[in-house]
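Take a look at the structure set out below.
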Amino acid sequence: MTSPSEDIFAQLDQQQNGPAAMLEALVEHFRRQRKPMELFEALKMQMRHRLGLPILQPETETLSAEDVDRQLEQGLVAACDEVGTMLLQDGRVREGWMYLRPTGNTEKAARLIGALDIDDDNADEIVEVLLHEGVDVARGFRIILDRQGTCNSITTLDQIIGGLPKTARRQAAGILLDHVYGELCEAVRGDIARREAPAGDGDSLLEMIQDRDHLFEGGAYHLDTSHLASTVRFARVLDQPEQLQKAWELTQYGRRLNHQLQYPGEEPFVDFYPAHASFFGILLGKSVDSSLTIFQRKARAVDVAEQGTEPIEIYVDLLDRIGRSEEALRMAIELVPEEVPAARLTPLLLELAGRAGDYAPVLEYCRGKEDPLGFAAARVSEGAAVASGASSTGSGSNA
């Protein structure tokens, strides 16, 4: 019986239609055999032949005309896409992503990985690609949480959250919040059932702990308190009302814990649970002005040399998130110390100015800081905003 390898040699030997037909037969052979590495090399050879280049790239090759180089690059990206897809379909996650990465098609990579069954052999590399490579942060974090538990997932999130885009931070924080909130509700509900008539199945955490101070007597708690504090801290990035409500309820639980279990945070959250309760309360529309006053006072009193600018950033962010972007812009300019370089503050100011619809404070700030780069960026942004507004108005009138 003829082996596949012998058969391909016979096919190649019998090709009478020239190199193009032979290379096509080679490519098809490796596709059928699902040999991705060999397929990639065959596709490279095929592309180089089509462009009139030597089949194998010589060490001393110099770049060709621009259009040839562009076509070669496009061909290599297409080859990477096909080979990466094949590798991922075959469960070779790390290698598959290595080839698919140059295409920039993270959605495809996430979809292909999502079709794989997770086991002890591939879980680590799936998490590596999904979470650490940013292909699907939410699913990667969920895998860690499900397989390694709350403690390891919090440690991992602490290590990577600073490098994640805001959307990914929110996804991971939301998954952790839902998990911890559900875990705590289950534990509290069980404690109540052991002591008295069971709580209602639909009762929230807040409803279960109200008027039940005995649940916390003698330093009692229902969940690792470090996990609780970390979840509350991560939840600050969240913006959905139902998530903010859960986070606020966690602070109400935390406030009832024995004082020895309420660890201090960093400004403006030194008084950890009360301060976070005010933070989430503002975003939920609870006692907004009085709570904002607390954060304003901390922002004005902060020693930037010792504590950094976070109290100022928190206050400005709160104003912006509740729709007071003009005030947020004004406070950012007023409160950020002189020694902070303009280049660090200008991107934030431009965002706030865009939402406030007023670039004049940014232009004045950049002029005063002798920052022509920031001034130019503000002028361009202002012009783009005006053009966009005019375009929208024009579209509306034409309709």
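Values quoted throughout were computed directly from the atomic coordinates according to the rules given, and no laboratory measurement underlies them. What you are looking at is a predicted structure, and each value in this text was computed from that prediction instead of being measured. Every residue, glycine as well, gets a Cβ built from its backbone with ideal geometry; the counts of neighbours run over all protein chains shown.
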* Once you have all Cα-Cα distances for region 84-212, histogram them in 10 Å bins from zero and send the whole-percent values. => 12, 35, 25, 16, 10, 3, 0
* Can you give the angle from 0 to 90° between the axis of helix 288-301 and the longest principal axis of the chain, with both taken from C-alpha atoms, to the nearest 10? -> 80
* Asked: Full extension from Q159 to K35: what is 0.36 nm times the residue separation minus their Cα-Cα distance, to one decimal in nm?
  -> 40.9 nm
* For region 265-311, build the charge dipole from Cβ charges (+1 Lys, Arg; -1 Asp, Glu) around the Cα centre, then report which of F279, Q307, S290 sits farthest towards its positive end. => S290
* Which of L43, L373, L223, L284 has the fewest Cβ neighbours within 10 Å, and the rest in rising order -> L373, L284, L223, L43
* To do: Could you work out how far helix 137-160 tilts from the main Cα principal axis of the chain, as a 0 to 90 degree angle to the nearest 10?
  => 60
* Asked: Under a straight-distance cross-link criterion of Cα-Cα below 27 Å, which lysines are reachable from K44, leaving out those fewer than 8 residues away in the same chain?
  -> K35, K108
* Asked: Summing +1 for each Lys or Arg and -1 for each Asp or Glu, what net charge is found among the other residues whose Cβ lies under 12 Å from the Cβ of H132?
  -> -4
* **Between helix 272-283 and the chain: long-axis angle, C-alpha atoms, 0 to 90°, nearest 10** => 80
* In the set (1) 21.2; (2) 26.3; (3) 25.5, which value of Kirkwood radius over Cα pairs in Å was calculated from the structure you see? -> (2)
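What is the sum of charges around G75, taking Lys and Arg as +1, Asp and Glu as -1, for the other residues whose C-beta is under 9 Å from the C-beta of G75?
For residues surrounding G75, the net value is +2.
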* **Full-stretch length increase - A305, Q252 - with 0.36 nm per residue and alpha-carbon distance subtracted** => 15.8 nm
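What is the local net charge at V362, summed over the other residues whose Cβ is closer than 15 Å to its Cβ (Lys, Arg +1; Asp, Glu -1)? Intermediate results must be reported in sequence, preceding the final value.
Working: positive: R330, R344, R355, R367, K369, R379; negative: D320, E326, E327, E334, E351, D358, E364, E370, D371, E382.
The answer is -4.
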* To do: For the chain, set up a Gaussian network in which alpha carbons nearer than 10 Å are linked by springs, and say which option among I55, I113, I322 fluctuates the most.
  => I55
